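S.K.: This is the structure, below, for whatever I ask next.
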Amino acid sequence: MDTNIWRPILYLIGFMAFAGINAAYLGWCERKGAGRIQRRTGPMEVGFQGLLQPLADGLKLMSKQLLVPDGVDSILFRVAPILAMIPALTSMAVIPFAGNVQARAVELSVLLIFALASIGMMAVLLGGWASGNKYSLISAARSVSQNLAYEIPMLVTVITIVMLTGSMNLEEIAAAQQGGFWNWNIFPVASHSLAQAIIMPVSFIIFFICSVAETNRAPFDMAEAESELIAGHMTEYGSMGFGLFMMGEYLNMVVGACLITILFLGGWDGPLGLSGGIWWFLVKIYLLLFTVIWVRWTYPRTQIYKLLNLSWKILIPFSLVNLLLTAAFIKVF
Amino acid sequence: MSVPVQCRHDETFVLNLGPQHPATHGVLRVKLTMDGEYIVKAEPVLGYIHRMHEKMAEDGNFAQFMPNTARMDYLHALAYNHGYCLAVERAAGIEVPERAEYIRVITVEMNRLTSHLLWWAAFLLDLGGFSPLLYAFDDREQILDLLERITGSRLTYCYFRFGGVYNDIDDEFIAGTYAFIKRLRSRLPRLYHDLVTGNIILIKRLKGIGMLSKEQARRYGCTGPVARGSGINYDVRKNEPYSVYPEFDFDVPVYNECDSMARYMVRMDEIEQSMRIIEQALDKLPDGPVRAKVPKILKPAAGDYWASVETARGNLGHRLVCDGKKNPYKLKLRSPTFSNLSCFGEVAEGMLLADALAFMGSLDLVIPEIDR
Amino acid sequence: MSIVEETRRALLVLFPELAAVEEEARAAAQAEAEIQAAEEAAAAEKDENEMDALLAERDAVRLDAESAKQSVAADEDNLEAAEQEDPAAEKKEKEPEEEGPRENGIVLTDHASRGTDIDVFCDPDQVVAAAGIMDEAGFFLEAITGVDWIKEDKLEVIYDYNQYGQEQCRVVVRTFVSRTEPEIPTIMDVMPSADWHERETHDFYGIRFTGHPNLIPILLPEDADFHPLLKDFTP
Amino acid sequence: MSEYISDVIGGSKSLLVGLSITAREFFKPVVTEQYPWVVPEMTERFRGHIELIRDEKTGKPKCIVCGMCMRSCPSGCISLAGKKPEGEKKKALTKYHLDFTTCSLCGTCIESCNFGAIQFSNEYNLASTRKEDYIFDLLKRLEEQG
């Protein structure tokens, strides 16, 4: 791996472009998908099937005045939306999209992503606190307790993966899963044992739920909760402040999906032993994203204490049991 | 979940929920004193769309108040039509032809269906579920199309007249109604019960939340599904039969759990009972005139009269005081949600904000009806 | 005993004179019934001597009944009140009289034509006691409202009670307060639901419910100092 | 403990059932109409604003300017005037204005008319940002339809 400085910078520019387009068209997909689930058409007027709608929305957001209301902490208020974007964008840098397609190879990339994800939570906290709005304040408090509760099962699950592959490097984790879905960590019947293959789907589900909760998506969108807290931490934001929060949210979703793909779904590996490549990676992450959207438009929202109960009473015990069993299986087989 | 509220007075803050808030379905404001996310004190503030309908009633003659009735509870407008007609008919001693009574029952029950469907949709929206809204609206739209066919309007009906209804129903309406009931029956188990009622998230959010005991319900004068969810078997259609309701075989769903889930289940069961009533009424529909001969200007004898009907939200009473002139001397509207909401302050104390909003949704508030 | 009758009996506590009259009337009726029984017993007995004795006894009982009746008649006020009650009820059923000042009392009304079953008219300071009786009997408060009788220069306050039982019984408690100084005690301590209803009535008619802790406008704007349902209100 | 396990298993099942239902709905055809492109047809009894009816024989409005509709209207939104032309017995309508901003479409005016001179129109496509646009000159409307 060369240490050329230009490589990460060019990648970063690519990620930024990707972030904008991704947020715009994932938003479009979400609206269309929600429309189809609800037996309506979704956006139709701007362009064919409303394809230009995201562009129109983006232009609208950019052309609006950046309003900083009276009584807000003006520095933190401006910092928060940026803070929502930066960690997500930075974590993209260590994600291996394919064999050698990675901005910067980092040995402890799994740890780095989790560290950055915790900063992402600060955006909601600061945005909520700085807004000086009581709903935003409640939202900030909620998001902290939620993130705290869900990082534990997530990390415990990651430890099982690390135990299986013996590495904290995302590229190595993905590389260890090459050669058909029977090698993937979600169902590692070939690379590990059948016993392991039975408990890993549970780990996958736990990790999936946690990543939905970490990215503040319905049914765990406690911080946003528009029917209770109006829009939570985003209540006072308009124009690109709101736009950055939204882009950050979608980018966080993408990072979450990338992580799941690498940790559980074999990264860029083709299923059934087909030759791998970046396209498989993209197919996998977008399938995961569609699932997240599908989940959002199916369930009602949970309630903050039920959400914490789910984490502390169900996800953490299950993930701990998984961890112990994995350790035992590694020792035995 | 009940966590005892213990806080210092200076640690609470006041949160104004509304008048513009997505969960208050209109312009209700609730002044909440909060300790973190727990509610220490809740105080509904009403009157943001108060229109003084009672004064308007005194101004015009009896018939001229008719369009106003539909504009209070816009979700169950025909029941308000019906209640006012009953009060005036009782005062003036007007007999209503049987066919008209049947048509009234059919349309009122269809309107009740729309009201419950919309409540269901909006309630799920309060809880953050979006898709059910559109499914319920799909069904509701079918009823509105049918009602538009005979009444000419879709929301604020002015269809009933003293001594009958504005015009007769036709065969296409009858066939359409049968078809609609068949359709709703086939959709209810899947799209309503499997998707929502059985959902673990919904159950966890509603079970044991918003406990309104039987005694509390009585002391606050709750009626309708709110009372029936607290184990009170009270339905004006059964307890104080009016129109041709005694001729139909239907049950009054009563749940004893006293929580939001019970109120939810009462309304879901009522949808089925309303469909039963409509079917029976269509089967038995007699021939004959739909309107009695009534003088254009009514002058009921002096005295005061009360008439109650069961709307989708409970017991709606009209107290009509006449002095022998052509306009009501006084018309008191007893709106069910006004009483139902009055328990909110007591019940919401110590609740979480999100639970309080779920409880508020389960009360099925229609603000114009509260404010009148 | 039907619920209407039960409630009527319970409400009689409000009107001790009426209750006394009724009690005595009932005693008289009972005495009459005793005579009847005695007569029948006499008819059964064929023995003449016994018959004579019985006749004497019957006379004695009759005398007793007579004296009971006389005691009723002696209480002039009571008698008047008793007479007032019955004709009022009849009048009410046949042709609704012009609403106006009425005597305190309880009237049974026809549900089919009126929508109510029991009509109670009492003094303003009795409404709390009435509410207590209704609360004990398991009634709930349907509404509180006023009527402005501007010609009589009076405000009527109407309390509607209803209950959840299968048998219908709607009770109206009404009273008059003066138009210039409208004051009436609150029934909020007995019926918490009265809170909002009383505030609403205060909004519309300006009736002050003394003892109400929070008598601020509920439907009208916070700073409203007018009472729109008064007949002489002009916006 | 058994409750805990049944919660986890039953709960997961209910969530899967929910997903399967929305997935099935996803592939069903849409039920909405694209409004301005697909125009709904109003039913016969649809209550649009009122309109005057032409007398087929004379070609003039049936209205005889009795003013019953004006008096019966709860919100006083009808104003009309008429005068007797030279050499005719009946009054002729010269002005018939409907203030649609206050009209509640109750139908009282139509019922009060003893001559069947007004009816509900099928007009539903009414949108404007100006109040004056809702004061309809029904007489002019009748002539334009002519």
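The values are calculated or read from the model by the stated rules, or taken from the named source; none is laboratory data. In this text, all values refer to a predicted model and were calculated from it rather than measured experimentally. All Cβ positions, glycine included, derive from the backbone under ideal geometry; neighbour counts span all protein chains shown. We work out accessible area using only protein heavy atoms, side chains counted, and drop any ligands, DNA or RNA first. Shrake-Rupley method; radii C 1.70, N 1.55, O 1.52, S 1.80 Å.
S.K.: Students often get this wrong, so check it: of D:Lys60/D:Lys131; B:Lys296/D:Lys83; D:Lys62/D:Lys83, which have C-alpha atoms separated by over 22 Å? Please report the intermediate quantities before stating the final value.
M.R.: Details: D:Lys60/D:Lys131 29 Å; B:Lys296/D:Lys83 27 Å; D:Lys62/D:Lys83 14 Å.
Beyond 22 Å: D:Lys60/D:Lys131; B:Lys296/D:Lys83.
S.K.: Show me B:23-32, D:1-10 ranked by packing, highest mean number of other Cβ atoms within 10 Å first. Please list the in-between numbers first.
M.R.: Values: B:23-32: 20.9, D:1-10: 10.1.
So the peptides B:23-32, D:1-10, ranked by packing, come out B:23-32, D:1-10.
S.K.: How shielded is D:11-18 by partner chains, expressed as the average number of their Cβ atoms within 10 Å of its Cβ atoms?
M.R.: Numbers: counts 8, 2, 2, 11, 8, 0, 6, 14.
Counting other chains' Cβ atoms within 10 Å and averaging over D:11-18 gives 6.
S.K.: Here's a follow-up. How far is the Cα center of segment C:167-235 from the Cα center of segment A:230-244, in Å?
M.R.: 45 Å
S.K.: Sticking with this one: So what are segment B:286-334's ellipsoid semi-axes, whole angstrom, largest first, if each one is the square root of 5 times an eigenvalue of the alpha-carbon gyration tensor?
M.R.: Numbers: eigenvalues 95, 89, 11 Å².
Value: 22, 21, 7 Å, ordered largest first.
S.K.: Determine the order of A:Asp73, C:Asp153 by accessible area, beginning with the largest, at a probe radius of 1.4 Å. Present the calculation step by step, with values, prior to reporting the outcome.
M.R.: Working: A:Asp73 55, C:Asp153 85 Å².
If we order A:Asp73, C:Asp153 from most to least accessible, we get C:Asp153, A:Asp73.
S.K.: May I ask for the distance between the Cα centers of segment B:171-204 and segment C:148-165, given as a whole number of Å?
M.R.: With segment B:171-204 and segment C:148-165 each reduced to a Cα centre, they are spaced 44 Å.
S.K.: Using R₀ = 25 Å, calculate the FRET efficiency as 1/(1 + (r/R₀)^6) where r is the Cβ-Cβ separation of A:Ala56 and D:Phe26; round to 0.05.
M.R.: Values: r = 25 Å, r/R0 = 1.01.
For A:Ala56 and D:Phe26, the calculated efficiency is 0.50.
S.K.: Just from the alpha-carbon atoms, what are the Rg and Dmax of segment A:67-332 in angstroms?
M.R.: Both quantities, over Cα of segment A:67-332: 18.8, 64 Å.
S.K.: Then there is this: In a GNM of chain A with a 10 Å cut-off on Cα contacts, which of A:Met121, A:Met246, A:Met44 has the highest mean-square fluctuation?
M.R.: Comparing A:Met121, A:Met246, A:Met44 in a Gaussian network model of chain A, the most mobile one is A:Met44.
S.K.: How large is ³J(HN,Hα) for each residue in segment D:46-51, as worked out from phi by the Karplus curve 6.51 cos²θ - 1.76 cosθ + 1.60 (θ = phi - 60°), to whole Hz, x for Gly and Pro?
M.R.: Calculated HN-Hα couplings, in order: 4, 9, x, 5, 6, 9 Hz.
S.K.: Grab the DSSP H runs of chain B that are 4 residues or longer, score each as -39,500 (n - 2.57), total them, divide by all residues and round the 222 nm result to the nearest 500 deg cm²/dmol. Don't jump to the answer; show the numbers that get you there.
M.R.: Numbers: 15 runs with 168 residues, N = 372.
Helix contribution divided over all residues of chain B: -13500 deg cm²/dmol.
S.K.: Separate question: Suppose all protein chains stay in the model; what accessible area per residue would a 1.4 Å probe give for segment C:123-234, in Å²? Each step should come with its number before you reach the end.
M.R.: On the way: 3950 Å² over 112 residues.
Heavy-atom accessible area per residue stands at 35 Å².
S.K.: In Å and whole numbers, how far do the C-alpha atoms of the protein assembly as shown stretch along each principal axis, longest first?
M.R.: Ordered largest first, the protein assembly as shown gives principal extents of 131, 98, 58 Å.
S.K.: Under a 1.4 Å probe, what is the accessible area of segment B:9-371 per residue, stated in Å²?
M.R.: Details: 10070 Å² over 363 residues.
Accessible surface, normalised per residue, equals 28 Å².
S.K.: Further, regarding this structure: What distance in nm separates the two pseudo spin-label positions at A:Lys331 and B:Met56, each 7 Å out from Cα along the beta-carbon direction?
M.R.: Going by the 7 Å Cα→Cβ label model, 7.8 nm.
S.K.: Give the C-B buried accessible area in Å², both sides summed, 1.4 Å probe, nearest 100.
M.R.: Details: alone 13600 and 15310 Å², together 24810 Å².
Roughly 4100 Å².
S.K.: Can I ask one more? If you build a Gaussian network model of chain A, linking Cα atoms that sit under 10 Å apart, which residue out of A:Ile316, A:Ile304, A:Ile186 swings the most?
M.R.: A:Ile304
S.K.: Now a separate question. Can you send over the carbon and sulfur percentage of the accessible area for chain B, probe radius 1.4 Å, protein chains only? Provide the component values of the computation, followed by the final result.
M.R.: Values: 5670 of 10840 Å².
The nonpolar share, carbon plus sulfur, comes to 52 percent.
S.K.: Could I ask something else about it? Rolling a 1.4 angstrom probe over the protein chains, ignoring ligands and nucleic acids, what is the accessible area of A:Met163 in square angstrom, nearest 10?
M.R.: That residue has around 70 Å² of solvent-accessible surface.
S.K.: Using 7 Å Cα-to-Cβ label points, what is the A:Trp182/C:Asp125 separation (nm, one decimal)?
M.R.: Between A:Trp182 and C:Asp125, the label points sit 9.7 nm apart.
S.K.: How crowded by other chains is D:24-33, given as the mean number of beta carbons from other chains within 10 Å of each beta carbon? Display every interim value, and only then the final one.
M.R.: Working: counts 3, 12, 9, 2, 3, 2, 7, 10, 11, 2.
What the average comes to for D:24-33 is 6.
S.K.: Give me the distance in nm between label points sitting 7 Å out from Cα along the Cα-to-Cβ direction at B:Asn256 and B:Arg187, one decimal.
M.R.: 3.5 nm
S.K.: Got a sec? Charge dipole of the protein assembly as shown, +1 on Cβ for Lys and Arg, -1 for Asp and Glu; which of D:Ile50, A:Ile285, D:Thr32 is way out at the positive end?
M.R.: The residue sitting most towards the positive pole is A:Ile285.
S.K.: Report the accessible surface area buried between chains D and A, summing both sides, using a 1.4 Å probe on protein heavy atoms only, in Å² rounded to the nearest 100.
M.R.: Values: alone 11180 and 15450 Å², together 25040 Å².
The summed interface area works out to 1600 Å².
S.K.: In addition: Excluding ligands and nucleic acids, what accessible area in Å² is computed for A:Asp70 using a 1.4 Å probe, to the nearest 10?
M.R.: That residue has around 150 Å² of solvent-accessible surface.
S.K.: Related question: Which residues does a label at C:Glu183 reach in segment C:209-235, if reach means a backbone N under 18 Å from a point 7 Å past the Cα toward the Cβ?
M.R.: Label zone hits: C:209-216.
S.K.: Just read off the accessible area of D:Ile110 with the full protein assembly in place, 1.4 Å probe, to the nearest 10 Å².
M.R.: 30 Å²
S.K.: Which whole-number value in Å² is the accessible area per residue of segment A:96-213, probe 1.4 Å? List each step's numbers first, then the result.
M.R.: Numbers: 4100 Å² over 118 residues.
Per residue, segment A:96-213 has an accessible area of 35 Å².
S.K.: Still on this structure, I have one more. Any of B:Lys325/D:Lys95; A:Lys134/A:Lys306; B:Lys204/D:Lys13; B:Lys182/B:Lys284 with alpha carbons more than 26 Å apart? Name them for me.
M.R.: On the way: B:Lys325/D:Lys95 33 Å; A:Lys134/A:Lys306 22 Å; B:Lys204/D:Lys13 15 Å; B:Lys182/B:Lys284 18 Å.
In this structure, B:Lys325/D:Lys95 lie more than 26 Å apart at Cα.
S.K.: Report the trypsin sites (Lys or Arg not before Pro) located in segment B:44-122 that are in a DSSP loop and have at most 16 other Cβ atoms inside 10 Å of their Cβ, or state none. Mind showing how you got there, number by number?
M.R.: Numbers: sites: B:Arg51, B:Lys55, B:Arg71, B:Arg90, B:Arg99, B:Arg104, B:Arg112; in loops: B:Arg51, B:Arg71.
For trypsin sites (Lys or Arg not before Pro) across segment B:44-122 that sit outside H, G, I, E and B with at most 16 neighbouring Cβ atoms in 10 Å, the list reads B:Arg51.
S.K.: What do you get for the angle between helix A:109-130 and the principal long axis of chain A? Use alpha-carbon atoms, 0 to 90 degrees, nearest ten.
M.R.: 20 degrees
S.K.: Between chains B and D, what is the buried accessible area summed over both chains (1.4 Å probe, protein heavy atoms, nearest 100 Å²)? Can you show the working numbers first?
M.R.: Details: alone 15310 and 11180 Å², together 24080 Å².
Protein heavy atoms only, the B-D interface buries about 2400 Å².
S.K.: What span do the alpha-carbon atoms of segment C:144-201 cover on each of the three principal axes, reported in whole Å from largest to smallest?
M.R.: 41, 23, 15
S.K.: Just for the Cα atoms in chain D, what are the lengths along the principal axes, largest first, rounded to whole Å?
M.R.: Dimensions of chain D along the principal axes of its Cα atoms: 97, 33, 30 Å.
S.K.: To the nearest 10 degrees, how steep is helix D:2-26 against the longest Cα principal axis of chain D, on a 0 to 90 scale?
M.R.: The angle comes out near 50 degrees.
S.K.: Still on this model: With angles folded into 0 to 90 degrees, how steeply does helix B:77-92 sit against the dominant principal axis of chain B? Use alpha carbons for both and round to 10.
M.R.: The two axes meet at around 50 degrees.
S.K.: Now for a separate question. Could you go through segment A:308-325 in sequence order and give the Karplus-derived ³J(HN,Hα) for each residue, using 6.51 cos²θ - 1.76 cosθ + 1.60 with θ = phi - 60°, rounded to whole Hz, and x for Gly and Pro?
M.R.: Using θ = phi - 60°, the values come out as 5, 4, 4, 5, 6, 9, 10, 5, 5, x, 5, 5, 5, 4, 4, 4, 4, 4 Hz.
S.K.: State the three equivalent ellipsoid semi-axes of chain B, derived from the C-alpha gyration tensor as the square roots of 5 times its eigenvalues, in descending order and whole Å. List each step's numbers first, then the result.
M.R.: Details: eigenvalues 251, 128, 56 Å².
In descending order the semi-axes read 35, 25, 17 Å.
S.K.: Also, I was wondering about something else. List the residues, sorted by chain then number, that are 5 or more residues from B:Met34 or on another chain and whose placed amide H is less than 5 Å from its amide H.
M.R.: Long-range HN contacts for B:Met34: B:Phe13, B:Val14, B:Leu15, B:Val40.
S.K.: Give the residues of segment A:89-131 whose amide nitrogen is closer than 17 Å to a point set 7 Å from the Cα of A:Leu76 in the direction of its Cβ.
M.R.: The answer is A:119-131.
S.K.: Additional query: Which is farthest toward the positive dipole end of segment B:245-290 among B:Phe248, B:Ser260, B:Leu285, measuring Cα position about the Cα centre, with Cβ charges +1 (Lys, Arg) and -1 (Asp, Glu)?
M.R.: Most positive-ward Cα: B:Ser260.
S.K.: Turning to a different aspect of this structure: For segment D:115-146, state which trypsin sites (Lys or Arg not before Pro) are in a DSSP loop and have at most 15 other beta carbons lying within 10 Å of their beta carbon. If you can, show how the numbers build up before the last one.
M.R.: Values: sites: D:Arg130, D:Lys131, D:Lys140, D:Arg141; in loops: D:Arg130.
Answer in residue order: D:Arg130.
S.K.: Say a paramagnetic label sat at a point 7 Å from the Cα of D:Val39, along Cα to Cβ; which residues of segment D:123-146 have their backbone N under 12 Å from it?
M.R.: Label zone hits: D:123-126.
S.K.: Also, I was wondering about something else. Average partner chain C-beta neighbours within 10 Å, per residue of B:122-128?
M.R.: On the way: counts 1, 1, 3, 3, 4, 8, 15.
Mean partner shielding for this stretch: 5.
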